[in-house]
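One structure below.
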Amino acid sequence: MDRLYENFNKLLKATSTDFIRYKYAEINWGSHMLGLVGPRGIGKTTMFLQHIKQNMNPKDTLYVSADNMYFADNSLIDLTDKFSKQGGKHLFIDEIHKYPNWSRELKQIFDSYPDMQVLFTGSSILDIYKGTADLSRRAPIYEMQGLSFREYLSMFHQIHVPAYSLEEILEHKVEIPGIAHPLPLFAEYIRHGYYPFSKDTTFEIELNQVINQTMENDIPQYANMNVSTGRKLKQLLMIIAKSVPFKPVMQKLADIIGVSRNYLSDYLLYIEKAGMIAQVRDDTGGIRGLGKVEKIYLDNTNLIYALGRENSNIGNMRETFFYNQMRMKQDVISSKISDFQIGERTFEIGGKNKGQQQIAKAQEGYIVKDDIETGYGNIIPLWNFGMNY
(Lines give C-alpha, C1' and ligand atoms only; values in the text may rest on other atoms or scores of the structure.)
Protein backbone atom coordinates (compact mmCIF):
# COMPACT_ATOMS: atom_id res chain seq x y z
CA MET A 1 0.00 0.00 0.00
CA ASP A 2 2.98 2.30 0.37
CA ARG A 3 3.08 2.94 -3.38
CA LEU A 4 -0.64 3.79 -3.37
CA TYR A 5 -0.04 6.43 -0.71
CA GLU A 6 3.01 7.74 -2.55
CA ASN A 7 1.09 8.12 -5.81
CA PHE A 8 -1.85 9.73 -3.97
CA ASN A 9 0.39 12.32 -2.31
CA LYS A 10 2.09 13.22 -5.62
CA LEU A 11 -1.26 13.79 -7.29
CA LEU A 12 -2.56 15.81 -4.35
CA LYS A 13 0.44 18.15 -4.38
CA ALA A 14 0.02 18.73 -8.12
CA THR A 15 -3.70 19.52 -7.85
CA SER A 16 -4.73 23.16 -8.21
CA THR A 17 -7.83 24.51 -6.50
CA ASP A 18 -7.93 27.75 -8.48
CA PHE A 19 -10.93 26.61 -10.50
CA ILE A 20 -13.65 24.22 -9.35
CA ARG A 21 -16.33 22.77 -11.63
CA TYR A 22 -20.03 23.64 -11.35
CA LYS A 23 -20.95 20.16 -10.11
CA TYR A 24 -18.96 20.46 -6.90
CA ALA A 25 -21.61 22.52 -5.09
CA GLU A 26 -24.39 20.10 -6.11
CA ILE A 27 -22.82 17.01 -4.52
CA ASN A 28 -23.62 15.85 -1.00
CA TRP A 29 -20.04 15.07 -0.02
CA GLY A 30 -21.17 13.62 3.30
CA SER A 31 -22.86 10.59 1.72
CA HIS A 32 -21.71 7.18 2.95
CA MET A 33 -21.17 6.21 -0.70
CA LEU A 34 -21.55 8.18 -3.94
CA GLY A 35 -20.56 8.02 -7.58
CA LEU A 36 -19.53 10.73 -10.03
CA VAL A 37 -19.94 9.75 -13.68
CA GLY A 38 -19.51 11.34 -17.07
CA PRO A 39 -17.58 11.14 -20.34
CA ARG A 40 -13.82 10.87 -20.44
CA GLY A 41 -11.74 13.98 -19.90
CA ILE A 42 -14.17 16.35 -18.18
CA GLY A 43 -12.43 16.68 -14.80
CA LYS A 44 -13.89 14.06 -12.46
CA THR A 45 -10.52 13.00 -11.05
CA THR A 46 -9.48 16.60 -10.46
CA MET A 47 -12.70 17.31 -8.58
CA PHE A 48 -12.10 14.40 -6.21
CA LEU A 49 -8.54 15.52 -5.52
CA GLN A 50 -9.67 19.12 -5.00
CA HIS A 51 -12.23 17.97 -2.44
CA ILE A 52 -9.58 15.96 -0.60
CA LYS A 53 -7.10 18.84 -0.65
CA GLN A 54 -9.59 21.35 0.69
CA ASN A 55 -11.59 19.28 3.16
CA MET A 56 -9.99 15.98 4.13
CA ASN A 57 -7.22 14.82 6.44
CA PRO A 58 -4.68 12.86 4.35
CA LYS A 59 -3.98 10.66 7.38
CA ASP A 60 -7.38 8.95 7.14
CA THR A 61 -7.99 9.46 3.40
CA LEU A 62 -6.79 7.48 0.38
CA TYR A 63 -7.24 8.02 -3.36
CA VAL A 64 -6.61 5.10 -5.74
CA SER A 65 -7.24 4.38 -9.40
CA ALA A 66 -8.96 1.08 -10.12
CA ASP A 67 -6.53 0.33 -12.95
CA ASN A 68 -3.51 0.44 -10.61
CA MET A 69 -1.30 -2.67 -10.75
CA TYR A 70 -2.01 -3.14 -7.03
CA PHE A 71 -5.32 -4.70 -8.00
CA ALA A 72 -3.66 -7.42 -10.02
CA ASP A 73 -3.05 -9.22 -6.71
CA ASN A 74 -5.50 -7.50 -4.36
CA SER A 75 -9.24 -6.90 -4.34
CA LEU A 76 -11.11 -3.73 -3.43
CA ILE A 77 -12.32 -5.52 -0.33
CA ASP A 78 -8.71 -6.40 0.61
CA LEU A 79 -7.71 -2.76 0.22
CA THR A 80 -10.67 -1.53 2.24
CA ASP A 81 -9.95 -3.97 5.04
CA LYS A 82 -6.26 -2.98 5.26
CA PHE A 83 -7.10 0.71 5.02
CA SER A 84 -9.77 0.42 7.72
CA LYS A 85 -7.37 -1.33 10.10
CA GLN A 86 -4.90 1.54 9.62
CA GLY A 87 -7.53 4.07 10.69
CA GLY A 88 -8.78 4.91 7.21
CA LYS A 89 -12.18 6.58 6.91
CA HIS A 90 -12.47 8.01 3.39
CA LEU A 91 -11.69 5.93 0.29
CA PHE A 92 -11.79 7.58 -3.15
CA ILE A 93 -11.72 5.15 -6.11
CA ASP A 94 -11.15 6.53 -9.60
CA GLU A 95 -12.20 4.80 -12.84
CA ILE A 96 -14.13 2.11 -11.00
CA HIS A 97 -15.44 0.65 -14.26
CA LYS A 98 -11.97 -0.78 -14.94
CA TYR A 99 -12.32 -3.12 -11.96
CA PRO A 100 -14.21 -6.38 -12.65
CA ASN A 101 -17.37 -6.92 -10.58
CA TRP A 102 -16.94 -3.51 -9.00
CA SER A 103 -20.59 -3.03 -8.07
CA ARG A 104 -20.76 -6.34 -6.19
CA GLU A 105 -17.70 -5.49 -4.10
CA LEU A 106 -18.90 -1.95 -3.42
CA LYS A 107 -22.13 -3.40 -2.05
CA GLN A 108 -20.17 -5.66 0.25
CA ILE A 109 -17.98 -2.75 1.40
CA PHE A 110 -21.06 -0.62 2.03
CA ASP A 111 -22.63 -3.32 4.19
CA SER A 112 -19.48 -4.55 5.97
CA TYR A 113 -17.68 -1.26 6.69
CA PRO A 114 -20.30 1.19 7.99
CA ASP A 115 -17.59 3.66 9.11
CA MET A 116 -15.90 3.78 5.69
CA GLN A 117 -16.97 6.47 3.26
CA VAL A 118 -16.48 5.37 -0.36
CA LEU A 119 -16.61 7.75 -3.31
CA PHE A 120 -16.00 6.59 -6.88
CA THR A 121 -15.80 7.91 -10.43
CA GLY A 122 -16.39 6.23 -13.74
CA SER A 123 -15.31 7.45 -17.16
CA SER A 124 -17.47 4.97 -19.01
CA ILE A 125 -20.98 5.86 -17.97
CA LEU A 126 -22.19 2.77 -19.80
CA ASP A 127 -20.65 0.38 -17.29
CA ILE A 128 -21.53 2.66 -14.41
CA TYR A 129 -25.22 2.64 -15.29
CA LYS A 130 -25.07 -1.11 -15.71
CA GLY A 131 -23.54 -1.51 -12.25
CA THR A 132 -25.65 0.97 -10.33
CA ALA A 133 -28.67 -1.28 -10.72
CA ASP A 134 -26.85 -3.63 -8.35
CA LEU A 135 -26.06 -0.83 -5.91
CA SER A 136 -29.76 -0.05 -5.61
CA ARG A 137 -30.29 2.91 -3.29
CA ARG A 138 -26.93 2.70 -1.56
CA ALA A 139 -25.12 5.30 -3.64
CA PRO A 140 -26.45 8.48 -5.28
CA ILE A 141 -24.96 8.90 -8.75
CA TYR A 142 -24.07 12.38 -9.96
CA GLU A 143 -23.64 13.10 -13.67
CA MET A 144 -21.24 15.74 -14.92
CA GLN A 145 -20.63 17.17 -18.37
CA GLY A 146 -17.94 19.40 -19.86
CA LEU A 147 -17.28 23.09 -19.35
CA SER A 148 -19.97 25.67 -19.98
CA PHE A 149 -18.94 28.89 -21.71
CA ARG A 150 -19.12 30.55 -18.27
CA GLU A 151 -16.75 27.96 -16.78
CA TYR A 152 -14.43 28.30 -19.75
CA LEU A 153 -14.14 32.05 -19.13
CA SER A 154 -13.23 31.38 -15.51
CA MET A 155 -10.78 28.54 -16.08
CA PHE A 156 -9.01 29.83 -19.19
CA HIS A 157 -9.27 33.61 -18.87
CA GLN A 158 -9.85 34.26 -15.14
CA ILE A 159 -13.10 36.05 -16.01
CA HIS A 160 -15.49 35.18 -13.20
CA VAL A 161 -19.22 35.51 -13.84
CA PRO A 162 -22.14 34.04 -11.83
CA ALA A 163 -24.46 31.51 -13.44
CA TYR A 164 -27.67 32.95 -14.85
CA SER A 165 -31.06 31.24 -14.82
CA LEU A 166 -33.01 30.77 -18.05
CA GLU A 167 -35.39 33.52 -16.94
CA GLU A 168 -32.48 35.92 -16.39
CA ILE A 169 -31.06 35.06 -19.80
CA LEU A 170 -34.40 35.76 -21.49
CA GLU A 171 -34.67 39.05 -19.60
CA HIS A 172 -31.30 40.22 -21.00
CA LYS A 173 -29.55 40.25 -17.61
CA VAL A 174 -26.37 38.47 -18.72
CA GLU A 175 -23.23 40.57 -18.33
CA ILE A 176 -19.50 39.87 -18.52
CA PRO A 177 -17.85 42.71 -16.58
CA GLY A 178 -14.89 44.25 -18.38
CA ILE A 179 -15.57 42.42 -21.64
CA ALA A 180 -17.13 44.65 -24.29
CA HIS A 181 -16.84 42.11 -27.11
CA PRO A 182 -17.54 38.50 -26.02
CA LEU A 183 -17.74 36.95 -29.51
CA PRO A 184 -13.99 36.26 -29.97
CA LEU A 185 -13.97 34.41 -26.64
CA PHE A 186 -17.10 32.52 -27.66
CA ALA A 187 -15.48 31.47 -30.92
CA GLU A 188 -12.52 30.08 -28.94
CA TYR A 189 -14.83 28.11 -26.67
CA ILE A 190 -16.77 26.60 -29.57
CA ARG A 191 -13.60 25.12 -31.04
CA HIS A 192 -11.64 24.08 -27.95
CA GLY A 193 -13.28 25.06 -24.68
CA TYR A 194 -15.55 22.20 -23.63
CA TYR A 195 -12.87 19.94 -22.16
CA PRO A 196 -10.62 21.07 -19.28
CA PHE A 197 -7.60 19.54 -21.03
CA SER A 198 -8.10 22.06 -23.86
CA LYS A 199 -5.24 23.97 -22.21
CA ASP A 200 -2.81 21.30 -23.40
CA THR A 201 -0.84 22.00 -26.56
CA THR A 202 -1.68 18.47 -27.69
CA PHE A 203 -5.43 18.99 -27.24
CA GLU A 204 -6.44 17.74 -30.69
CA ILE A 205 -4.44 14.55 -30.27
CA GLU A 206 -5.85 13.97 -26.78
CA LEU A 207 -9.43 14.59 -27.92
CA ASN A 208 -9.05 12.08 -30.73
CA GLN A 209 -7.72 9.60 -28.18
CA VAL A 210 -10.83 10.18 -26.06
CA ILE A 211 -13.02 9.53 -29.10
CA ASN A 212 -11.12 6.39 -30.08
CA GLN A 213 -11.04 4.97 -26.55
CA THR A 214 -14.76 5.56 -26.15
CA MET A 215 -15.80 4.13 -29.50
CA GLU A 216 -13.29 1.29 -29.82
CA ASN A 217 -12.97 0.17 -26.19
CA ASP A 218 -15.66 1.48 -23.82
CA ILE A 219 -18.76 0.75 -25.89
CA PRO A 220 -17.68 -2.61 -27.39
CA GLN A 221 -16.54 -3.81 -23.95
CA TYR A 222 -19.86 -2.84 -22.39
CA ALA A 223 -22.02 -4.34 -25.14
CA ASN A 224 -19.85 -7.41 -25.78
CA MET A 225 -19.29 -6.34 -29.38
CA ASN A 226 -16.64 -7.65 -31.75
CA VAL A 227 -14.06 -5.41 -33.41
CA SER A 228 -15.98 -5.06 -36.67
CA THR A 229 -19.11 -3.83 -34.87
CA GLY A 230 -16.98 -1.30 -32.99
CA ARG A 231 -15.77 0.04 -36.35
CA LYS A 232 -19.35 0.38 -37.52
CA LEU A 233 -20.13 2.47 -34.45
CA LYS A 234 -17.31 4.80 -35.40
CA GLN A 235 -18.66 4.97 -38.95
CA LEU A 236 -22.05 5.87 -37.50
CA LEU A 237 -20.45 8.65 -35.46
CA MET A 238 -18.77 10.07 -38.58
CA ILE A 239 -22.09 10.13 -40.47
CA ILE A 240 -23.66 12.13 -37.65
CA ALA A 241 -20.62 14.45 -37.53
CA LYS A 242 -21.07 15.48 -41.14
CA SER A 243 -24.84 16.00 -40.98
CA VAL A 244 -26.68 19.30 -40.58
CA PRO A 245 -28.14 18.23 -38.12
CA PHE A 246 -28.85 14.54 -38.50
CA LYS A 247 -32.51 13.54 -38.72
CA PRO A 248 -32.44 9.76 -38.45
CA VAL A 249 -34.09 7.51 -41.01
CA MET A 250 -33.34 4.27 -39.23
CA GLN A 251 -33.59 1.80 -42.12
CA LYS A 252 -31.47 3.94 -44.42
CA LEU A 253 -28.85 4.43 -41.73
CA ALA A 254 -28.79 0.71 -40.94
CA ASP A 255 -28.23 -0.07 -44.63
CA ILE A 256 -25.33 2.41 -44.88
CA ILE A 257 -23.32 0.92 -42.01
CA GLY A 258 -24.46 -2.65 -42.63
CA VAL A 259 -26.29 -3.55 -39.43
CA SER A 260 -29.79 -4.70 -38.59
CA ARG A 261 -32.28 -1.90 -38.03
CA ASN A 262 -33.31 -3.69 -34.83
CA TYR A 263 -29.90 -2.97 -33.29
CA LEU A 264 -29.55 0.63 -34.41
CA SER A 265 -31.51 2.28 -31.59
CA ASP A 266 -29.40 0.43 -29.03
CA TYR A 267 -26.18 1.48 -30.76
CA LEU A 268 -27.25 5.12 -30.77
CA LEU A 269 -28.16 4.91 -27.09
CA TYR A 270 -24.76 3.43 -26.26
CA ILE A 271 -23.00 6.26 -28.10
CA GLU A 272 -25.21 8.83 -26.35
CA LYS A 273 -24.57 7.40 -22.88
CA ALA A 274 -20.85 7.46 -23.60
CA GLY A 275 -21.01 11.22 -24.19
CA MET A 276 -20.36 11.24 -27.93
CA ILE A 277 -23.80 12.20 -29.29
CA ALA A 278 -27.00 13.82 -28.05
CA GLN A 279 -30.46 12.71 -29.18
CA VAL A 280 -33.28 15.24 -29.11
CA ARG A 281 -36.69 13.68 -28.62
CA ASP A 282 -40.25 14.91 -29.08
CA ASP A 283 -42.90 15.33 -26.38
CA THR A 284 -44.42 11.85 -26.70
CA GLY A 285 -45.59 10.88 -23.24
CA GLY A 286 -44.70 14.33 -21.95
CA ILE A 287 -41.38 13.16 -20.48
CA ARG A 288 -37.97 13.74 -22.02
CA GLY A 289 -36.31 10.47 -22.85
CA LEU A 290 -39.51 8.62 -23.73
CA GLY A 291 -40.28 10.41 -26.97
CA LYS A 292 -39.31 9.64 -30.54
CA VAL A 293 -35.83 10.75 -31.58
CA GLU A 294 -36.22 13.73 -33.90
CA LYS A 295 -32.61 14.91 -34.25
CA ILE A 296 -29.16 13.61 -33.45
CA TYR A 297 -26.22 15.92 -32.74
CA LEU A 298 -22.67 15.36 -31.66
CA ASP A 299 -22.51 15.87 -27.91
CA ASN A 300 -20.62 19.18 -28.03
CA THR A 301 -19.13 21.64 -30.49
CA ASN A 302 -15.52 20.59 -29.87
CA LEU A 303 -16.41 17.17 -31.27
CA ILE A 304 -17.87 18.83 -34.37
CA TYR A 305 -14.57 20.47 -35.18
CA ALA A 306 -12.57 17.37 -34.27
CA LEU A 307 -14.62 15.05 -36.50
CA GLY A 308 -16.25 17.28 -39.10
CA ARG A 309 -13.32 19.60 -39.82
CA GLU A 310 -13.90 21.22 -43.22
CA ASN A 311 -17.41 19.79 -43.28
CA SER A 312 -18.39 21.49 -40.03
CA ASN A 313 -21.69 23.29 -40.54
CA ILE A 314 -22.33 26.55 -38.71
CA GLY A 315 -26.04 25.85 -38.27
CA ASN A 316 -25.29 22.47 -36.78
CA MET A 317 -22.74 24.05 -34.44
CA ARG A 318 -25.25 26.64 -33.18
CA GLU A 319 -27.95 24.09 -32.42
CA THR A 320 -25.44 21.72 -30.80
CA PHE A 321 -24.20 24.47 -28.50
CA PHE A 322 -27.71 25.51 -27.46
CA TYR A 323 -28.84 21.96 -26.68
CA ASN A 324 -25.61 21.02 -24.92
CA GLN A 325 -25.68 24.03 -22.60
CA MET A 326 -29.40 24.11 -21.84
CA ARG A 327 -29.99 20.42 -21.19
CA MET A 328 -28.14 20.65 -17.85
CA LYS A 329 -30.94 22.47 -16.06
CA GLN A 330 -33.91 22.23 -18.42
CA ASP A 331 -35.86 19.53 -20.21
CA VAL A 332 -35.22 20.37 -23.86
CA ILE A 333 -37.30 18.68 -26.54
CA SER A 334 -37.76 19.18 -30.27
CA SER A 335 -40.29 21.79 -31.39
CA LYS A 336 -43.03 21.05 -33.91
CA ILE A 337 -42.66 24.52 -35.45
CA SER A 338 -39.06 25.45 -34.71
CA ASP A 339 -35.78 24.03 -33.35
CA PHE A 340 -36.31 23.46 -29.61
CA GLN A 341 -38.92 23.73 -26.91
CA ILE A 342 -38.41 24.25 -23.16
CA GLY A 343 -41.74 24.13 -21.34
CA GLU A 344 -44.06 26.48 -23.24
CA ARG A 345 -41.18 28.41 -24.76
CA THR A 346 -40.07 27.89 -28.36
CA PHE A 347 -36.54 28.65 -29.60
CA GLU A 348 -35.38 29.17 -33.17
CA ILE A 349 -31.59 29.18 -33.58
CA GLY A 350 -29.77 31.03 -36.35
CA GLY A 351 -27.41 33.76 -37.50
CA LYS A 352 -27.78 37.50 -37.08
CA ASN A 353 -30.21 37.73 -40.02
CA LYS A 354 -32.62 35.08 -38.71
CA GLY A 355 -36.25 36.27 -38.97
CA GLN A 356 -39.36 35.73 -36.84
CA GLN A 357 -41.39 33.63 -39.31
CA GLN A 358 -40.92 30.22 -37.72
CA ILE A 359 -42.04 31.32 -34.27
CA ALA A 360 -44.95 33.47 -35.46
CA LYS A 361 -47.47 30.96 -34.08
CA ALA A 362 -45.54 30.12 -30.90
CA GLN A 363 -47.14 30.76 -27.54
CA GLU A 364 -43.85 32.25 -26.33
CA GLY A 365 -41.17 32.34 -28.99
CA TYR A 366 -37.53 33.46 -29.00
CA ILE A 367 -35.00 34.00 -31.75
CA VAL A 368 -31.52 32.93 -30.65
CA LYS A 369 -28.93 34.67 -32.82
CA ASP A 370 -25.27 33.96 -33.27
CA ASP A 371 -22.85 36.79 -34.14
CA ILE A 372 -24.60 39.44 -32.04
CA GLU A 373 -23.29 40.87 -28.77
CA THR A 374 -26.55 42.03 -27.17
CA GLY A 375 -30.23 41.27 -27.62
CA TYR A 376 -33.57 43.00 -27.29
CA GLY A 377 -37.20 41.90 -27.01
CA ASN A 378 -37.41 38.21 -27.92
CA ILE A 379 -33.99 38.20 -29.62
CA ILE A 380 -31.27 36.61 -27.44
CA PRO A 381 -27.54 36.26 -28.26
CA LEU A 382 -26.54 32.61 -28.60
CA TRP A 383 -23.51 33.01 -26.30
CA ASN A 384 -25.79 34.04 -23.41
CA PHE A 385 -27.04 30.46 -23.12
CA GLY A 386 -23.53 29.36 -22.17
CA MET A 387 -23.91 31.17 -18.84
CA ASN A 388 -26.59 28.84 -17.45
CA TYR A 389 -24.29 26.59 -15.35
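The values are calculated or read from the model by the stated rules, or taken from the named source; none is laboratory data. Note that this is a predicted model, so its numbers are computed, not measured. Backbone-built Cβ (ideal geometry, glycine too); neighbour counts: all protein chains shown. Heads up: the accessible areas ignore ligands, DNA and RNA and are worked out on the full protein's heavy atoms, side chains in. Shrake-Rupley method; radii C 1.70, N 1.55, O 1.52, S 1.80 Å.
Kindly establish whether Leu147 is among the hydrophobic types (A, V, I, L, M, F, W, C) and within 18 Å of Thr374 (Cα to Cα). So Leu147 does not fit the description; no. When Lys234, Lys295 are screened for being assigned to a helix (DSSP H, G or I), open to solvent by 10 Å² or more (accessible area, probe 1.4 Å) and at negative phi, only Lys234 passes.
Can you tell me which residue is least open to solvent (accessible area, probe 1.4 Å) among those in segment 193-209 that are over 24 Å from Ile20 (Cβ atoms) and assigned to a helix (DSSP H, G or I)? Within segment 193-209, the match that is least open to solvent (accessible area, probe 1.4 Å) is Asn208. Exactly one residue out of Lys336, Lys352 is among the basic types (Lys, Arg) and farther than 20 Å from Glu294 by Cβ, and it is Lys352.
So that you can scan it fast, the table gives a plain yes or no per residue for (1) of a type in the set (Phe, Trp, Tyr); (2) loosely packed, with under 15 Cβ neighbours inside 10 Å; (3) more than 20 Å from Ile296 (Cβ to Cβ); (4) modelled with pLDDT under 90:
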| site | (1), (2), (3), (4) |
| --- | --- |
| Ile211 | no, no, no, no |
| Ile219 | no, no, no, yes |
| Ala223 | no, no, no, yes |
| Asn226 | no, yes, yes, yes |
| Thr229 | no, no, no, yes |
| Ala241 | no, no, no, yes |
| Pro245 | no, no, no, yes |
| Met250 | no, yes, no, yes |
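For segment 282-292, taking the residues that are open to solvent by 40 Å² or more (accessible area, probe 1.4 Å) and within 19 Å of Met250 (Cβ to Cβ), the one that is modelled with the lowest pLDDT is identified as Gly289. The residue that is surrounded by the most Cβ atoms within 10 Å (Cβ to Cβ), among those in segment 8-55 that are over 30 Å from Lys130 (Cα atoms) and aliphatic (A, V, I, L, M), is Leu12. Per the listing Leu126, Leu119, the residue uniquely at pLDDT 95 or above and open to solvent by less than 30 Å² (accessible area, probe 1.4 Å) is Leu119. Summed over segment 163-192, the residues that are within 25 Å of Thr45 (Cβ to Cβ) and crowded, with 19+ Cβ neighbours inside 10 Å give a count of 2.
Among the residues of segment 157-170, are any more than 18 Å from Glu319 (Cα to Cα), under 19 Å from the mean Cα position of the chain (by Cα) and part of a helix (DSSP H, G or I)? No, segment 157-170 contains no residue that is more than 18 Å from Glu319 (Cα to Cα), under 19 Å from the mean Cα position of the chain (by Cα) and part of a helix (DSSP H, G or I). Of the set (1) at pLDDT below 90; (2) open to solvent by 10 Å² or more (accessible area, probe 1.4 Å), all apply to Gly308 but (2).
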